[in-house]
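What follows is a single structure, written as structure tokens, with notes after it.
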Amino acid sequence: MNDTINPTNRLPLTNEDTVGPYYPICYDHDDRMDLTKSIVGQQFEPKGDKIILRGRYIDKNGDGAHGALIEFWQANAQGVFRTEDTESSPEIDPHFDGYTRYRTVTGDFELKTIKSGTQLGRAPNITLTLFSDGISRLVTQVFFENEISNETDPVLMSLPQDKRDKLIARLVGEDDDNIPIYDIEIILAGEGETPFFDDFLALGWRD
């Protein structure tokens, strides 16, 4: 047998790039910014009170955080996060996963979702994680105005009053379907910076 390699049959070398991932780092349409729609193609809706959270990430210069990737994660109306450990729980809503990602062009975002329930001493909240150029990740939690449970939430109570206020989204009105609209500004650095948390603290507080 001739072991000589025929040059004409040799495959060309490929670039020495990292393999994958070959999937988008965020969803390619805005449908996932409406977590009340459940699964595409189904007509079911998750349980709970619908809300709209509008916000803006602002850099130290007062400009929007252009091109940032924002990750949202929250519990369902029963206050339970959807994880591998809770998939069999009777409190899991099969029509609500409580997670999405969104790349913002201007720093602005608008998420339609349900208000999470209270459990284990936690007030309704949404965990937001920001990925951007020059930033590994920034994790914070957004709470909602006029919630009695804010007064005992361990995250809010760990902060001085002026810092707590920076994590509370303000009720500014309703949309045409009478869904409450909350607004918040998240300041990345400089004067008035929003409180951010170490990952392990955020994970521990939200479970």
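Nothing in this text is a laboratory measurement; each read-out follows from the coordinates by a stated rule. Because the structure is a prediction, the values reported are computed rather than measured. With ideal geometry, Cβ positions are generated from the backbone for all residues, glycine too; neighbour counts draw on all protein chains shown.
Loop-located GluC sites (Glu not before Pro) across the stretch 130-185 with a Cβ neighbour count of 13 or fewer within 10 Å are lacking, with loop assigned by DSSP.
Were the residues from Asp59 through Arg103 laid out at 0.36 nm apart, the gain over their Cα-Cα distance would be 14.3 nm.
Among Phe143, Phe196, Phe44, the ranking by other beta carbons within 10 Å of each residue's beta carbon, starting with the fewest, stands as Phe44, Phe196, Phe143. Neighbour counting of Cβ atoms within 10 Å sorts the residues Arg164, Arg170, fewest neighbours leading, into Arg170, Arg164. What the Cβ-Cβ distance of Val172 and Asp34 gives, at R0 = 22 Å and to the nearest 0.05, is a FRET efficiency of 0.70. If you wrap the stretch 46-206 in the convex hull of its Cα atoms and look at it from every side, the mean projected area works out to 9.7 nm².
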